[in-house]
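Worksheet: one structure, shown below.
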Amino acid sequence: MATPRTVAFYTLGCKLNYSETSAIGRRFEQAGYGVTDFRQPADIYVINTCSVTDFADRKCRQVVRKALRRNPDAKVVVIGCYAQLKPQEIADIPGVDLVLGAAEKFRVLDYVEDLSKAPGKGLVEAGAVRQASTFVDAFSFGDRTRSFLKVQDGCNYKCTFCTIPQARGGSRSDTVPHVLENARHIAGLGVKEIVLTGVNIGDFGNGTEVIEGSRPQKEALFIDLIGALDEVKGIERFRISSIEPNLCTDAIIEFVAASRRFVPHFHMPLQSGNNKQLAQMRRRYRRELYAERVAKIKALMPHACIGLDVIVGFPGETEADFLESYRFIRELDVSYLHVFTYSERPNTPAAEMEGAVPMHLRRERNRMLTILSDKKKRAFYAAHQGQERKVLFEHSREAGRMSGFTDNYIKIDAPLKPGLINTIQPVRLGALRPDGVMESEMAVGA
Ligand code: SF4
């Protein structure tokens, strides 16, 4: 019997990319391939790319070279956002054999079978992004304790700095019955926590919705989806990966506060604490709404974890603008920040805007907000010291240890008890370590 060919995957970017790589991996397995670790030699390497920053592009090129060092005869396939945005640029990378766009990536098996290791440019199959109008479901399994479940894709918003709509197409969603089916399937695999993921998941049910062979269900919105998911047996925790502030309605906040399985963790991109920048970014809210969301969440769930994304150095951001943004964020009762240095992306309105901020100032502003983020995270963790919270235990990279997150996203560390891995246990939160992780001990009776 012929030795099954092997395939290895490398994923860059977001939870959505991880869910899609995992789904594509299962398609290869069903076709008889052996899925192997990327650090091993393989017949085929599939690299799922991101394109949020220049760095992401550079990283893709590094990964291609790594793959070819492992097996110079391997076929190298590049998919994902960078592949949709700059297919020719990738095809020119020596050793790349196939570049697939957003609409083609799930049909990778149709292409690799006939792929030959041709010298010179790689084959490009990347149609216009509008062809990516079908919702293809996906979930991650196997590489983590938690599963990333894709419920929505694409975006209809037009934020002036963002290339995601060009890379992933218009907003489209799964149906509630199909998401429930996937969630039950994941529960059957023994997973305890599902992280709902997408591009603009609060827009669930709003965008175009075409999935293979199913009748569209226009009326179901995000609030309906999470209401239905809260009844799924076997999954102990659902986490909303990220939600736009204008879509994080009072109804959703009240639902999470009262729900049995949705954890008190809200990651809401703010992008700037200054309304002048929010207008130039073409965001669909002003900072006052953001502050209202935070106040509502904290009123109903004082222990809730709130994370925000913020961009520094957006064109036209003066020192005064930045300091106003900084002060606004400092006053917000949030738990951590993800700070991004603005980088010009081709074919975005912001890249044409005047008032480019010198890179050294962008870096300095990033440094200031990163320090603020650390202060906020430590204060949030310290406020829970001595409290009892439930933790989903996972393997730790440290020998003899295990780690995990509480429901409100506090990272803890504990001595390894193999039998507790992938279980949810009450722990008492102890000291906050210099590395920003909390010590913990099993709560009595755990
Ligand atoms: S909401 Fe804005 S930033 Fe987010 S994916 Fe859509 S266009 Fe990009």
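The values are calculated or read from the model by the stated rules, or taken from the named source; none is laboratory data. Remember, it's a predicted structure, so these values are computed and weren't measured experimentally. For neighbour counting, all protein chains shown are included, and Cβ atoms are generated from backbone atoms with ideal geometry for every residue, glycine included. Note: areas computed on protein heavy atoms with side chains; ligands, DNA, RNA excluded. Shrake-Rupley method; radii C 1.70, N 1.55, O 1.52, S 1.80 Å.
Which of the residues belonging to segment 166-204 are open to solvent by less than 20 Å² (accessible area, probe 1.4 Å), within 16 Å of the ligand (Cβ to nearest atom) and of a type in the set (A, V, I, L, M)?
A167, L196, I201
Of everything in segment 110-127 that's more than 21 Å from V199 (Cα to Cα) and touching a helix residue (DSSP H, G or I) at 6+ places or on another chain (Cβ under 6 Å), which residue is modelled with the highest pLDDT? Show your work before the answer.
Here is the first cut: in segment 110-127, the residues more than 21 Å from V199 (Cα to Cα) are 110-125.
So of that shortlist, the ones also touching a helix residue (DSSP H, G or I) at 6+ places or on another chain (Cβ under 6 Å) come out as 121-122, 124.
Details: K121: 70, G122: 80, V124: 86.
Checked segment 110-127; the qualifying residue modelled with the highest pLDDT is V124.
Residue by residue through segment 236-287, note down the ones that are out of contact with any helix residue (DSSP H, G or I) (no Cβ under 9 Å at 6 or more places or on another chain), more than 16 Å from the ligand (Cβ to nearest atom) and free of Cβ contacts under 8 Å to residues at least 40 places away in the same chain.
Result: R260, single match.
Restricting to segment 148-198, name every residue that is among the small types (G, A, S) and without any contact (Cβ under 8 Å) to a residue 60 or more places away in the chain.
Applying the first criterion (among the small types (G, A, S)) to segment 148-198 yields 154, 167, 169-171, 173, 183, 187-188, 190, 198.
Result: G154, G170, S171, S173, A183, A187, G188.
Right, A299: surrounded by fewer than 16 Cβ atoms within 10 Å (Cβ to Cβ), over 20 Å from the mean Cα position of the chain (by Cα) and either at pLDDT 95 or above or of a type in the set (F, W, Y) (or both) or not? Step through it out loud before you land on a result.
Working: surrounded by fewer than 16 Cβ atoms within 10 Å (Cβ to Cβ): yes; over 20 Å from the mean Cα position of the chain (by Cα): yes; either at pLDDT 95 or above or of a type in the set (F, W, Y) (or both): yes.
Yes; evaluated as a whole, the condition is true for this residue.
Would you mind finding the one in A83, A42 that is outside the structural domain of C155 (by TED's automatic domain parsing) and within 16 Å of Q166 (Cα to Cα)? Walk me through how you get there before you give the answer.
Working: A42 fails: within 16 Å of Q166 (Cα to Cα).
Exactly one of A83, A42 is outside the structural domain of C155 (by TED's automatic domain parsing) and within 16 Å of Q166 (Cα to Cα), namely A83.
Output the number of residues of segment 150-165 satisfying the condition of being open to solvent by 30 Å² or more (accessible area, probe 1.4 Å) and more than 8 Å from the ligand (Cβ to nearest atom). Before you say what the answer is, go through the steps one by one.
To start, the set of residues in segment 150-165 that are open to solvent by 30 Å² or more (accessible area, probe 1.4 Å) comprises 156, 158, 161-162, 164-165.
Keeping just the survivors that are more than 8 Å from the ligand (Cβ to nearest atom) gives none.
Residues in segment 150-165 being open to solvent by 30 Å² or more (accessible area, probe 1.4 Å) and more than 8 Å from the ligand (Cβ to nearest atom): 0 in total.
Rundown of residues vs (1) surrounded by 13 or more Cβ atoms within 10 Å (Cβ to Cβ); (2) out of contact with any Cys (no Cβ under 6 Å at 6 or more places or on another chain); (3) aliphatic (A, V, I, L, M); (4) not in a loop (DSSP other than H, G, I, E, B), yes/no style:
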{"position": "R39", "(1), (2), (3), (4)": "no, yes, no, no"}
{"position": "Q62", "(1), (2), (3), (4)": "no, yes, no, yes"}
{"position": "A103", "(1), (2), (3), (4)": "yes, yes, yes, no"}
{"position": "F106", "(1), (2), (3), (4)": "yes, yes, no, yes"}
{"position": "L109", "(1), (2), (3), (4)": "yes, yes, yes, yes"}
{"position": "L115", "(1), (2), (3), (4)": "yes, yes, yes, no"}
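Yes/no per residue for (1) touching a residue at least 40 places away in the same chain (Cβ under 8 Å); (2) part of a loop (DSSP other than H, G, I, E, B); (3) closer than 22 Å to I306 by Cα:
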residue: Q385; (1), (2), (3): yes, yes, yes
residue: L392; (1), (2), (3): yes, no, yes
residue: Y409; (1), (2), (3): yes, yes, yes
residue: P426; (1), (2), (3): no, no, yes
residue: G430; (1), (2), (3): yes, no, yes
residue: E439; (1), (2), (3): no, no, yes
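State yes or no: is A379 closer than 25 Å to E292 by Cβ and of a type in the set (G, A, S)? Walk me through how you get there before you give the answer.
Numbers: closer than 25 Å to E292 by Cβ: yes; of a type in the set (G, A, S): yes.
In short, yes.
Any idea which of R130, R144 is modelled with pLDDT under 95, open to solvent by 10 Å² or more (accessible area, probe 1.4 Å), of a type in the set (K, R) and over 29 Å from Y285 (Cβ atoms)?
Values: R130 fails: over 29 Å from Y285 (Cβ atoms).
Just a single option satisfies the conditions, and that option is R144.
Which one of these is outside any strand (DSSP E or B), basic (K, R) and without any contact (Cβ under 8 Å) to a residue 40 or more places away in the chain: R378, R345, R397, R362? Please lay out each step first, then the result.
On the way: R378 fails: without any contact (Cβ under 8 Å) to a residue 40 or more places away in the chain; R345 fails: without any contact (Cβ under 8 Å) to a residue 40 or more places away in the chain; R362 fails: without any contact (Cβ under 8 Å) to a residue 40 or more places away in the chain.
Going through R378, R345, R397, R362 in turn, the sole match is R397.
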